[in-house]
1. If you wrap a convex hull around the Cα atoms of the chain, how much volume per residue is inside, in Å³?
2. Determine the share of region 119-187's accessible area contributed by carbon and sulfur atoms, expressed in whole percent, with a 1.4 angstrom probe.
3. Among F169, P145, P57, whose Cα lies farthest out toward the positive end of the dipole of the chain, if unit charges sit on the beta carbon of Lys, Arg (+1) and Asp, Glu (-1)?
4. When the C-alpha atoms of region 185-253 are aligned to their principal axes, what extent does each axis show, in angstrom, from largest down?
5. Return the calculated 222 nm mean residue ellipticity for the chain, to the nearest 500 deg cm²/dmol, obtained by summing -39500 (n - 2.57) across DSSP H runs with n ≥ 4 and dividing by the residue count.
6. How much accessible surface area, in Å² rounded to 10, belongs to the heavy atoms of V213 with a 1.4 Å probe?
7. Counting only protein heavy atoms and a 1.4 Å probe, tell me what percentage of region 196-257's accessible area is made up of carbon and sulfur.
8. May I ask you to rank K193, K45 by accessible area, largest first, using a 1.4 Å probe over the protein chains only?
Amino acid sequence: MLELMEISKYYNPGTVNEMCLFHNFNLSIREEDFVSVVGSNGSGKTSMLNIICGSIPIDRGRIVINDTEITNMPEFRRQRRIGRVYQNPAMGTCPNMTILENMSLADNKGKAFNLGKGTNRKRIEYYQESLRTLGLGLEDKLEVPVGSLSGGQRQAMALLMVTMTPIEFLILDEHTAALDPKTAELIMELTDKIVKEKHLTTIMVTHNLRYAVAYGNRLIMMHQGEVIFDASEETKKNLAIDDVLNKFNEISVECGN
């Protein structure tokens, strides 16, 4: 279980530019939940992910994973338990390295650095089998630089790489937003397959309401640093895109937009 307890985060505290991002924010996510997170720009969605991953510090509160507090744990140590796929496909892979080198890099995540070859040729067959599951023909292009691949191919690789080593949580930060509709569908199908096969607890931030409704067992909507709507598995089964859109419209009216 992931627990965010009484989280507070301020920018420029004590100045005329002080901004409260979160104030006593609470959220609990159960093991193997797949949570879709929606909300308008500036609602705190990505900032919440950054707080979970340790990219930004908090001013007050606690972050707990399976009874272990990670509030003060540095970002690089959290990455041993948390995998993250970003909106920009370029952020999940190394463009100047080959597919083989990228796979080897991901395969050695969390292991000690030694004076030896970075690429383990004995693992090539395993890498090819893993890439074959993507259905993109990448298993025959191990020596091709990743920078020459399409955005969809790179995002598929990023998703595969981040889940190669055992992780407890998968964080998806609008990971289909930069892709064309057909490729986005492929990545979402691949995402759902990996999450189910590896039994991953997953948080997916998305602006695509169809994906938010169709995937996962829970949907939350954020606004101004708060969760204003939380649909559990039973409620989400009967939830339609128009229901979520109407909720957005309600917020828009309340804000005078």
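1. 152
2. Values: 1610 of 3100 Å².
In region 119-187, the share of accessible area belonging to carbon and sulfur is 52 percent.
3. Checking the options against the dipole of the chain, the answer is P145.
4. Extents along the principal axes: 41, 22, 22 Å.
5. Working: 9 runs with 86 residues, N = 257.
Estimated from H runs of four or more residues: -9500 deg cm²/dmol.
6. Accessible area of V213: about 30 Å².
7. Carbon with sulfur: 45 percent of the solvent-accessible area.
8. K193, K45
The values are calculated or read from the model by the stated rules, or taken from the named source; none is laboratory data. Just so it is clear, the model here is predicted, and its values are computed rather than measured. Counting neighbours? That spans all protein chains shown, and the Cβs are built from the backbone with ideal geometry, glycine included. Keep in mind that these areas ignore ligands, DNA and RNA; they rest on the heavy atoms of the full protein, side chains included. Shrake-Rupley method; radii C 1.70, N 1.55, O 1.52, S 1.80 Å.
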